[in-house]
Structure formats: structure tokens, C-alpha cells
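Here is the structure we will look at.
The values are calculated or read from the model by the stated rules, or taken from the named source; none is laboratory data. Keep in mind the model is a prediction, meaning the values are calculated, not measured. So basically every Cβ, Gly included, is an ideal-geometry build from the backbone, and we count neighbours across all protein chains shown.
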Amino acid sequence: MLEMFGVPATTEAVYRVMLDKPTADLDELAAHVGLSAEAARAELTVLAELMLVNAGPGGGPYFAIPPEQALEVLLAAEEARISECQRRVGRAREDLGELVEAFVASRSLRDSGGFVEQIDDPAVVTSRLFQLARSGTRKVSFMLPGDAVPPEAIGPSARLDNELLSRGIPLRAIVSDTSLESRHWRDHLTGQAGRGVQVRSHPAPPQRLVIVDETVAIVSRAQAPGALVMMDPDLVAPITALFDAVWHASAPVLAERSPAEGDEFSDARVRQVVALLAQGQKDEAIARRLQISVRTVRRLVSASLTALHAESRFEAGVIAVRRGWVS
């Protein structure tokens, strides 16, 4: 039991014998635990250092403190250890920020006004993105065109997402429709959607970019590796407008639910279908997007028309826009 607090098994065994046999002398104690008298004396010293035993009156033989008091002593020590670890982690985070800043600053170019930063090395872009995204306080938005993120690259991205979510920072992500054909990527995105990330997919997102608090934008370069980091409000504003326009033209990627929860005809699924109808998507395209059969799509379309009291697919799309399901 006490091993979880770092108390060795032999030390705990000595403590337990002292609880069971409070009048046992050193030789009896050693015999019960299977130790030499010298080893038992050493264990008593360890217990005294842990404050699990006290010396008797006048410096007499040790006696065990009651278990509930022992637990409080150990808990207090563990809480102090955790508090110290948290303090060290906090200091390490501060030091890490300084290290990242030095690393990036020595490997990037800035204009004289400090409004645009050019980074040629993709590894440095990753460090800069990590630094800027972690500094977000209001909202962080990602646009990821092209293929799915490889499985080995998902871990660091997920850790950053989860850290931001833990601080209550809203996250939005736009991915390409084709990327969802990769099962590992789709599973990851639906899992993140379940944790609170707002995820949408688009047929052709035009630009790889990240926007932090609508004050900083990281945009991939078109003709060279690396990225541009823009801090001028006049540059960030049109990039934010581009993201918003693509966001409104994208379809939500919802957290998956099991069939037992009635996901096939849930309100969320109906809204998803209607959003795609509003974009003019055909049944076959919707089936590919949602990874369901065309027959199921048609049943969902019928259910959507009924739910919206619409006479046609077009009317369902119009109603969906009015209700704010899709912009």
C-alpha cells in the first residue's frame, strides 16, 4: 500500500509488524520480518526519517504512529513533491520559450519594421508555430490542404491541441475532403471534434496557414520551403477573411457515435447531410464524405426534408442557411 508513496516493501513490512506487535523488541521485530538485527535497526532509521515512527519517552524504543496519521504524513510529503515538480515544470516552460525564441531568431529573417518574418527551414517553422500557438489567448485556427497528416506527426499536433483546449482556447481546423479518406486521420479528427475542436472539411482548401488570435498568421510559402509569419494587422486581416470564407463553405466533421446511440439518423447527422446538400453535393459525394452507402444517404435526405418541412433538396439547403447550419 505504501509503495505508491515511495516506501520500500521491506520498510513497510517493518512498520506493519510494529503496528501488530507494539511491544516487540528489536530482535523480535527482526525475526518477524526475516532480517538481521542490524538491518531491522536500519529500517527503523528509514521509518523515523519518513516520520512513520517516533522514539519513546526519554529516547526509548521506537513506536509506530497510527496508520491514519502515517497516511497524512505521506500525503503531505507527496503533495509537497508534486508542488515542487509543478514549480520546476513551470520554470522549464518559461525557459523553453526563451530557448525557442533564440532558436527561431537565429534562423529567420525579419523586415525592418518587424511585421513579416521569413523562415526557410521547416523544422524552424514547427518551433515557431509551437511557440505562437501556445501564446494564444482567444482563438487558434488551422487550414490544412492536401493529404492527411502522417500518423507519426499526429502526436505532437494532438498534444498542442489538447494543451490549448485545457486552457479554454477555441480551436478551428479546415482540412481537405480527400484527406478524410485516410482512416487514421479521420479517426483523429473525429476524436478531436469530440474533445471540442471545431473541424470542417473543404474540397480544396487554398492555403496552408495558422492564425493566432487574429493578430498573427503563419502562411506556407508558395515557391519555396518554409513559411512567412505576418504580424502586421493589414496583412493578417485578409488572411483571416480568407479563412472565414473557406470555413463557411466547408462541411462539419462531427465526432463519431456508435450505431447504438442512433447516430445514423441523429440530429447531428441530419444537419451534416443538409449542410452538404446546401453546397450542392450529390448523393454519391455525400456518401464518400460520410463513409456511408448511397442508400443510407438517400434515406437521410428524405429524413432531412421531413425534419425541415422542405419540398426539395434546394429548399432544405435554403432553410439550413436560415437556421445557421451552414453559411
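For this structure, a couple of remarks:
- Helices (runs of 4 or more DSSP H) wholly inside segment 1-68 that include at least 2 residues being without any contact (Cβ under 8 Å) to a residue 12 or more places away in the chain, in contact with a helix residue (DSSP H, G or I) (Cβ under 8 Å, 6 or more places away or on another chain) and outside the structural domain of I82 (by TED's automatic domain parsing): none
- Of all residues in segment 69-82 being without any contact (Cβ under 8 Å) to a residue 60 or more places away in the chain and among the acidic types (D, E), the one that is nearest to M18 (Cα to Cα): E72
- Extreme residue, surrounded by the fewest Cβ atoms within 10 Å (Cβ to Cβ), among residues of segment 216-236 that are part of a helix (DSSP H, G or I) and in contact (Cβ under 8 Å) with a residue 12 or more places away in the chain: P233
- Looking across E117, E98, one residue alone is under 16 Å from A217 (Cβ atoms) and either modelled with pLDDT under 90 or assigned to a strand (DSSP E or B) (or both). It is E117.
- Residue match in segment 133-146 (condition: touching a Leu at 6+ places or on another chain (Cβ under 6 Å), at pLDDT 85 or above, among the β-branched types (V, I, T) and not assigned by TED's automatic domain parsing to the domain that holds T45): yes
- Each residue in segment 157-205 was checked for being within 14 Å of the chain's Cα centre (by Cα), among the charged types (D, E, K, R) and farther than 12 Å from S250 by Cβ, and 5 pass.
- Just so you know, in segment 194-208 the residues that are of a type in the set (G, A, S) and surrounded by fewer than 19 Cβ atoms within 10 Å (Cβ to Cβ) include one that is farthest from T240 (Cα to Cα), and it is G194.
- Summed over segment 303-313, residues that are free of Cβ contacts under 8 Å to residues at least 12 places away in the same chain, surrounded by 12 or more Cβ atoms within 10 Å (Cβ to Cβ) and not in a loop (DSSP other than H, G, I, E, B) total 1.
- Flag if T23 is β-branched (V, I, T) and over 21 Å from E3 (Cβ atoms): yes
- Scan of segment 1-40 for residues that are of a type in the set (K, R) and either loosely packed, with under 15 Cβ neighbours inside 10 Å or over 17 Å from N54 (Cβ atoms) (or both), ordered by number: K21
- Selection from segment 264-302 of residues that are polar (S, T, N, Q), buried (at least 19 other Cβ atoms within 10 Å of the Cβ) and part of a helix (DSSP H, G or I): Q272
- Within segment 158-215, strands (runs of 3 or more DSSP E) holding 3 or more residues that are more than 20 Å from Q291 (Cβ to Cβ) and in contact with a helix residue (DSSP H, G or I) (Cβ under 9 Å, 6 or more places away or on another chain): 209-212
- Selection status of S179, closer than 18 Å to V246 by Cα, polar (S, T, N, Q) and free of Cβ contacts under 8 Å to residues at least 40 places away in the same chain: yes
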